[in-house]
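Enquirer: Sharing a structure, written as structure tokens. Questions coming.
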Amino acid sequence: MDFTLHSVTVFYGLYGSGKSEIAINYAIKLAGQGTGATIVDLDAVTPYFRVRDVREALISRGVAVVAPKESVRHMDLPVLPDGIRRVLQAGGSPVVVDVGGDPTGARVLGGLNDALPASARGFFVVNFRRPFTRTVPEAREALNRIAGSSGLFPSGLVSNTHLGELTSVDHIHEGAGSIQELARETGLPVVFCAVPSWLRGQEDAIRRMTGDLPLLWLERFFRKPWEAVE
């Protein structure tokens, strides 16, 4: 997919939406276009699956990482990265922000609204296979709650319906249909549909099912503790 560059792109959504994986992959794609990229870890609520945990992998891909200090890396504390306001206001290479997965986590972004440039864009990530976003009405309610806490109403929607390693083409199709219904209800565009990279062999079928929705192929960075590293 081609990327429309914004000075700051914020990804938010409920727990299990996959927003952190998307933020990481999005930042890597931006860096690969020669623009450079910075990713900001604003997930100050949950201790699981945070950008700061894959810092080294991101740096190796040309993505600068702004996250809380190493001394508080594994603490479940609402600690903000040093110099966060300066990063958001700097301009230059694009900045990708990963926000905590509930209204409480999104409130952290609300406290930084005065530092966001006018061109900042928020993308709401939806996984229709997760509790509290299994239906379009539930997803719309979650969107309104998180956007209200963050103070940044989304500019677009991201479809990321999945069941982890069990994700199939049918799940992608299901999510694409539901996200388009949510788009009609909210008047928001669908920015892209996220697809696990291991489904590339079925790209033709996926594209038939998703129509003209742009696709973002996701490399997996987060693994459960009991999963073997490939």
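The values are calculated or read from the model by the stated rules, or taken from the named source; none is laboratory data. Here the structure is a predicted model, which is why all the values come from computation and not from measurement. Ideal geometry is used to build each Cβ from the backbone, glycine not excepted, and the neighbour counts take in all protein chains shown. Accessible surface areas use protein heavy atoms only, side chains included; no ligands, DNA or RNA. Shrake-Rupley method; radii C 1.70, N 1.55, O 1.52, S 1.80 Å.
Enquirer: Give me the accessible area of ARG200, 1.4 Å probe, in Å² rounded to the nearest 10.
Expert: Answer for ARG200: close to 110 Å² accessible.
Enquirer: Another question, if that's okay. What's the center-to-center distance, using Cα atoms, between the stretch 176-214 and the stretch 92-126 in Å?
Expert: So the separation of the two Cα centres works out to 23 Å.
Enquirer: Keeping all protein chains in place and using 1.4 angstrom, which order do PHE124, PHE221 fall into by accessible surface area, from largest down? Before the final figure, lay out the partial values.
Expert: On the way: PHE124 0, PHE221 35 Å².
The residues order as PHE221, PHE124, largest area first.
Enquirer: Moving on. What's the carbon and sulfur percent of the chain's accessible surface, probe 1.4 angstrom, rounded to a whole number?
Expert: Numbers: 5510 of 10420 Å².
Ligands and nucleic acids excluded, carbon and sulfur reach 53 percent.
Enquirer: Pick out which of GLY187, GLY201, GLY105 has the largest mean-square fluctuation in a Gaussian network model of the chain, springs linking Cα atoms closer than 10 Å.
Expert: Most flexible of the set in this elastic network: GLY201.
Enquirer: Picking from SER20, SER178, SER197, which is most flexible by a Gaussian network model of the chain using Cα springs under 10 Å?
Expert: SER197
Enquirer: Using the Karplus curve 6.51 cos²θ - 1.76 cosθ + 1.60 with θ = phi - 60°, work out ³J(HN,Hα) for each residue of the stretch 152-161 in order, rounded to whole Hz, and write x for Gly and Pro.
Expert: After applying 6.51 cos²θ - 1.76 cosθ + 1.60, I find 10, 6, x, 8, x, 10, 10, 8, 9, 6 Hz.
Enquirer: At 1.4 Å probe size, what's the solvent-accessible area of GLU165? Round to the nearest 10 Å².
Expert: 100
Enquirer: Another question, then. Based on a Kirkwood Rh over C-alpha pairs, give the Stokes-Einstein translational diffusion coefficient of the chain at 25 °C and viscosity 0.890 mPa s in µm²/s.
Expert: The calculation lands on 140 µm²/s.
Enquirer: Using only the Cα atoms, what convex hull volume per residue in Å³ does the stretch 165-214 have?
Expert: On the way: hull volume 3.6 nm³, N = 50.
Dividing the Cα hull volume of the stretch 165-214 by its residue count gives 72 Å³.
Enquirer: Please say if the stretch 95-230 is rounded, prolate or oblate, where rounded means a/c under 1.5 for a ≥ b ≥ c the square roots of the C-alpha gyration tensor eigenvalues, and otherwise the choice is prolate for a/b larger than b/c and oblate otherwise?
Expert: Values: a/c = 1.79, a/b = 1.39, b/c = 1.29.
Judged from the Cα gyration tensor, the stretch 95-230 comes out prolate (a/c at least 1.5, a/b above b/c).
Enquirer: Using the crude model of +1 on Lys and Arg Cβ and -1 on Asp and Glu Cβ, and no other charge, please compute the dipole size for the chain relative to its Cα centre, in debye to 20.
Expert: Working: 24 positive and 25 negative charges, 64 e Å.
So the dipole magnitude of the chain works out to roughly 300 debye.
Enquirer: Which whole-Hz ³J(HN,Hα) couplings does the stretch 189-194 yield from phi under the Karplus relation 6.51 cos²θ - 1.76 cosθ + 1.60, θ = phi - 60°, glycine and proline marked x?
Expert: So the J values, rounded to whole Hz, are x, 8, 6, 6, 10, 8.
Enquirer: Taking only the alpha-carbon positions of the stretch 75-158 and ignoring solvent, what does the Debye formula give for the base-10 log of I(q)/I(0) at q = 0.17, 0.18, 0.22, 0.23 Å⁻¹?
Expert: Calculated log10 I(q)/I(0) at the listed q: -0.74, -0.82, -1.11, -1.18.
Enquirer: Pop out the Kirkwood hydrodynamic radius of the stretch 131-191 from its pairwise C-alpha distances, inverse of mean 1/r, in Å to one decimal. Could you put the intermediate results ahead of the total?
Expert: Numbers: mean 1/r = 0.0822 Å⁻¹.
Taking the inverse mean of 1/r over all distinct Cα pairs, the stretch 131-191 comes out at 12.2 Å.
Enquirer: Then there is this: Rolling a 1.4 angstrom probe over the protein chains, ignoring ligands and nucleic acids, what is the accessible area of LYS29 in square angstrom, nearest 10?
Expert: Around 80 Å² of this residue is reachable by solvent.
Enquirer: Ok, one more. How much accessible area per residue does the stretch 76-230 have, in Å², with a 1.4 Å probe?
Expert: Numbers: 7470 Å² over 155 residues.
Heavy-atom accessible area per residue stands at 48 Å².
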